[in-house]
Each structure stands twice: as structure tokens, then as C-alpha cells.
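Notes follow the structure.
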Amino acid sequence: MPPDRPAACHNLRLVGFVWFLVPGLVLGAVAVVLAAIAFFSSRAAVVRYRLFLIGSVLGAGGALLLVTGWLLGDPATPRGDALKTGGLAGGAILAVYALWINDRRRRTEEARHEVERTRAQQDRERTENEQFAKAVELLGHAADQVRVGALHALAGLARTRPAYTQTVLDVLCAYLRRPFGHPGYDARPDNPDEAEPEPDEDWPAERIAEADREQQVRLTAQRLIAALLPGRADEGAVRYDLDLTAANLEYLDLTGRSLGRLIARRARLHGVNRLGELRVGGPALFSGATFHGRTELAGARFDGGISVLKAEIKGAWRVTGAQARVFADLRTAAPDEQFGALTLLGDAELKVDDDSGWATRSGA
């Protein structure tokens, strides 16, 4: 009597299931071992990639056999569909490997770009440091045009790299603090531009010409300092400090600028110096300074206080609307008058309100 057909088909599927399942399990186990070795291995990246590739291929083959064998054990699944599904399972393993490779390549490329960016930034910083050092060195050059070029180079560096701004300002202020004299300071300290010095034993013609050249370099430094400072209306800007202790200044113009601290102890200010609408967040110290010419302080604001202790006020001051907070030490060199030789132009006073920690002093 012929055997029952459904039973025979079932037995054939069971045999196929076993023949597919066993090799699939072996390949899968080998793939897992290779993947583990590649993952925990400290060998070169090429060796690890090869182990992952071999493991992925074996894993794909194992998935093909396992899924196909498993589906062949189901009488309701056609053999063609079982093979297709097994192929999809194997292909999925290879797709995961391809995604991993792409992700590794992406990370490697990002790391390479980061290294290149870091190297480029280091090269740029090294170049800028070299430019800064070279410019500072050229400030001691004998030729005045070279010194002017060095000042502009420093200012350009500060504009392109704000991190250098305070350092550049310190260098420019240090240049202005260098000892300097001019015959115009002796002849017309209140307005050196109108002085017409004649050569004499103290100031021969060659020395006057040299002083004139250096004077232009120093005026350039003053203009560059003002240009690097933010405007008073720019609330979010960084407030930089200026140290002009014992500097010889002329026609200083900081109108409408904003500062952190302004230190000008023992400074000598010649000509008209314009500080109107200036805002100083820290203390403004003019202790022992000499104001030879007219000083414009209208609308200036000194949030950290102002001191003109023992200062000599030889020219007119315009302080209409000027305000000082925290303190206002107005004990100038003339002890009998609070403002010394100060001449007020218009209705002027330095305002500080007692109720909020401010004090009000009217000019005498």
C-alpha cells in the first residue's frame, strides 16, 4: 500500500529543515566568534575589518540556512518562499555590515576633518603670534614709517582677532608711555599745533625734525586706540582698559567711547582733549595729571568714579551733564578751590546723588 503523501512530504521537509538548520547554526556560531574577536581585538584596523567582513558573510550564510530550514519545517510554506525569505535574512546581515562600514568611514572622515581644523587653527594662531611679535619688534625701528606700519598691523590683528584687542591696546598704551618731548609742548602746551619752534641749543633742527616724525607716530597710536574701543551705545561690547600713566598726550579724542578702566596718573595732556560722552565702567584716575589745554567732558559718565587728586587744571573744562558714580575726588593741586583752576563753560556740575550713594558737587 503506497505511503500517505502528506506524511511523506512532511518527512522530506523535516529532513530539509535538519540539513539547513545544522550548517546554519555552525555558520552563525563561527560568525559570532569572529565578530567578538574583531570587536575585542587590539590588532590593526585592517585586520579587524577583515574579521568583521568574514563574520558578516558567514553570518549571512548562517541566517540564510537557518531561516530557510526553519520555514521548510512548515508544511504551509512553499520552498521557493522559504529560500526567498532566507535570502532576505542573509541580505539583512550584509546590509547591517554595510551600514557599520559607512558609519565607521563617516567617523573617520569627521575625525580627519577635526584634525585638519585643529591643525589649521594652530597654524593660524602660530602665524598670528609671529605677526604680533614681529609688529612689536618693529615698534623699535628707527624709521617712523615702519613704526606706523607696525601700529596698523597690530590694530588689524586686534580687529580680526578680538582676543588680541586688550593686548594690542596695552602695547599701544605702552608706546605712548615712552618718554617723549616736543618743542611745541614748551612753546604752546595748550595748543602745540600753533607753536612754531625755532632751532636752538636745546632743540637743534635735526632733533626738531625727529620729534615731528615721532609726534605723528604717537598721534597714529592715539587714533588707533580710539578706533579699537567700542561705542558708548554698544551695551553688549567688551569694555577694555587703558593705562596711560605718565604719558604725553595731545589732542586725545575718545568722544563717545566706552572703557573699562582709565588710568592716566601723572599724564600730561596738551591741546584740546575731547572726552565728551565718554563712558568709563571702572575708575577714571587722573591723579597728578596736568591738563594744559581745554578739556571736553560734557556728557561723560564715570560709573566707577573719577579722581583728579592733585591734578593741575591749566585750561578750561567743559563738564556739562558729566556724571560720576561711587566717588568723585575733586581735590586738585590748588587746595583753596575744589576744582583748582577749573573754568566752567556754561551751567556745569559733576552729579552724584546722595540718596543712591552718589554725591553732588557744583563747580566753584
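Readers should treat all values here as calculations from the given coordinates under stated rules, not as data from a laboratory. What you see is a predicted model, and the numbers here were worked out from it, not measured in a lab. Cβ atoms come from the backbone with ideal geometry, glycine included; neighbour counts cover every protein chain shown.
See the values below:
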item: Long-range amide H partners of residue 301 with built H, under 5 Å; result: 278, 279, 280, 323
item: Extension gain, residue 226 back to residue 107 (0.36 nm per residue minus Cα-Cα distance, nm); result: 38.1 nm
item: Length released on extending from residue 246 to residue 125, taking residue separation times 0.36 nm less the Cα-Cα span; result: 40.2 nm
item: Full-stretch length increase - residue 99, residue 115 - with 0.36 nm per residue and alpha-carbon distance subtracted; result: 3.3 nm
item: Pair-distance profile P(r), taking every C-alpha pair of region 139-362, with 10 angstrom steps and integer %; result: 8, 32, 35, 19, 6, 1
item: Burial order of peptide ranges 240-249, 222-231 (average beta-carbon count within 10 Å, highest first); result: 240-249, 222-231
item: Amide H contacts of residue 306 (H built 1.01 Å from N, under 5 Å, at least 5 apart or other chain); result: 284, 327, 328, 329
item: Simple label model, 7 Å out from Cα along Cβ direction - residue 134 to residue 178, nm; result: 2.0 nm
